[in-house]
Amino acid sequence: MYDLSGKVALVTGAGSGIGKASAMKLAQAGAMVVVMSRTAEEVEQTAHEIEAQGGKAQAKTADTSDDEAMRALIAGIILDHKRLDIVVANAGINGVWAPIESLKPDEWDQTIKVNLRGTYLTIHHAVPHLVAAGGGSIIVMSSINGTRTFTTPGASAYSVTKAGQVALVQQLALELGDRRIRINAICPGAIESEISDNTEQRGKEETEVPVEFPEGDIPLTGGKSGEAEDVADAVLFLASDASRHITGTPLWIDGGQSLLR
């Protein structure tokens, strides 16, 4: 249904979860996928699985919040593959969730650094090459938190970054439109992934507002979390020409969760 043959894609945070599932989908559609993570072992496994299924992949390691690392990463993609057409800015952390008076400045800064600076640097270094390729598609991984829901106890820094990503997407949709670059945001709800592994939560009882939800707060699935592939299908759509007239748009993939919460 979707043909990405001849396209080169970069997926950050591709070692697991949504990033890995997205990279697999793009490769299945024919793209050459550069899969990037800070953890070499994970991202090499992603590349191996793509190649085992007959796809094309290249594993790279970098820290998205490091300017020189991202500059070198993008330059390496162009050196190896001569072009860049699709960027999935997926790398991010939950960080520390804590009451605002006990959330430490360095904890706040780390979440902002990874989620916002990392997204900015990914786009910043990629855009000139998308322009050179005649246009392309950027997909930013945001969240229902900070865009539709504000009920996660202590998630102030995280919510700010996710709201900021959507604002960035909408700002850049106009800035990049005349250069044939589309940019959209995906806002997942509860998805089975490993992101909770990098979450620290303190003082939940102090910030939580008691709400009684019906049995299962994801209406479409009776409370069952979505799967990474549910998001990856949307990534594939937004990367392809099937979404050629869509830009500056947040897409919530949450089974109705954010409407209830």
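The values are calculated or read from the model by the stated rules, or taken from the named source; none is laboratory data. These figures come from a predicted structure and were not determined experimentally. Here the Cβ is made from the backbone with ideal geometry for all residues, glycine too, and neighbour counts use every protein chain on show.
Hey, among THR119, THR152, which residue is in a helix (DSSP H, G or I), at negative phi and under 21 Å from the mean Cα position of the chain (by Cα)?
Going through THR119, THR152 in turn, the sole match is THR119.
Just to be sure, is LEU130 modelled with pLDDT of 95 or more and crowded, with 18+ Cβ neighbours inside 10 Å?
It is true that LEU130 is modelled with pLDDT of 95 or more and crowded, with 18+ Cβ neighbours inside 10 Å.
Quick one: ALA27 ticks every box in (1) within 19 Å of SER137 (Cβ to Cβ); (2) assigned to a helix (DSSP H, G or I); (3) within 15 Å of the chain's Cα centre (by Cα) bar one, so which box is it?
ALA27 satisfies all of (1) within 19 Å of SER137 (Cβ to Cβ); (2) assigned to a helix (DSSP H, G or I); (3) within 15 Å of the chain's Cα centre (by Cα) except (3).
Would you say GLN165 is surrounded by 15 or more Cβ atoms within 10 Å (Cβ to Cβ), at pLDDT below 95 and polar (S, T, N, Q)? Working first, answer last.
Details: surrounded by 15 or more Cβ atoms within 10 Å (Cβ to Cβ): yes; at pLDDT below 95: no; polar (S, T, N, Q): yes.
When the stated conditions are applied, GLN165 does not pass them.
Of (1) without any contact (Cβ under 8 Å) to a residue 40 or more places away in the chain; (2) of a type in the set (Gly, Ala, Ser); (3) surrounded by fewer than 24 Cβ atoms within 10 Å (Cβ to Cβ), GLY15 satisfies all except one. Which?
Answer for GLY15: the failing condition is (3).
Taking the residues in the range 235-261 that are among the charged types (D, E, K, R) and in a loop (DSSP other than H, G, I, E, B) as candidates, determine which candidate is surrounded by the fewest Cβ atoms within 10 Å (Cβ to Cβ).
Once the filter is applied, the top-ranked residue is ARG244.
In the range 1-12, which residues are more than 15 Å from ASP85 (Cβ to Cβ) and surrounded by 24 or more Cβ atoms within 10 Å (Cβ to Cβ)?
Residue satisfying the conditions is THR12 alone.
Which of the residues belonging to the range 219-233 are out of contact with any helix residue (DSSP H, G or I) (no Cβ under 6 Å at 6 or more places or on another chain) and at pLDDT 85 or above?
GLY226, GLU227, ASP230, ASP233
Name the pairs: first residue in the range 46-65 and farther than 15 Å from ALA9 by Cα, second residue not aliphatic (A, V, I, L, M), Cβ to Cβ under 6 Å, at least 6 apart or on different chains?
Once the first residue is farther than 15 Å from ALA9 by Cα and sits in the range 46-65, its partners that are not aliphatic (A, V, I, L, M) give ASP63/ARG38; THR64/THR12; THR64/GLY118; THR64/THR122; SER65/LYS113; SER65/ARG117; SER65/GLY118.
Mind checking which residues of the range 86-112 are surrounded by fewer than 23 Cβ atoms within 10 Å (Cβ to Cβ) and either under 15 Å from the mean Cα position of the chain (by Cα) or closer than 19 Å to VAL235 by Cβ (or both)?
ILE93, ASN94, ILE112
Quick one: is ILE74 closer than 25 Å to ARG244 by Cα, assigned to a helix (DSSP H, G or I), in contact with a His (Cβ under 6 Å, 6 or more places away or on another chain) and in contact (Cβ under 8 Å) with a residue 60 or more places away in the chain?
Against the criterion (closer than 25 Å to ARG244 by Cα, assigned to a helix (DSSP H, G or I), in contact with a His (Cβ under 6 Å, 6 or more places away or on another chain) and in contact (Cβ under 8 Å) with a residue 60 or more places away in the chain), ILE74 qualifies.
Give me the pairs: first residue in the range 238-251 and polar (S, T, N, Q), second residue assigned to a helix (DSSP H, G or I), beta-carbon distance under 6 Å, and six or more apart or on different chains, which are they?
Every condition considered, the pairs that remain are SER243/PHE237; THR247/ALA173.
For the range 30-56, how many residues meet the condition of being more than 24 Å from ILE93 (Cβ to Cβ), in contact with a helix residue (DSSP H, G or I) (Cβ under 9 Å, 6 or more places away or on another chain) and outside any helix (DSSP H, G or I)?
Residues that pass the stated criteria total 6.
Just one of GLU175, GLU200, GLU215 is at pLDDT below 95, not in a loop (DSSP other than H, G, I, E, B) and not hydrophobic (A, V, I, L, M, F, W, C); which is it?
Exactly one residue qualifies, and that residue is GLU200.
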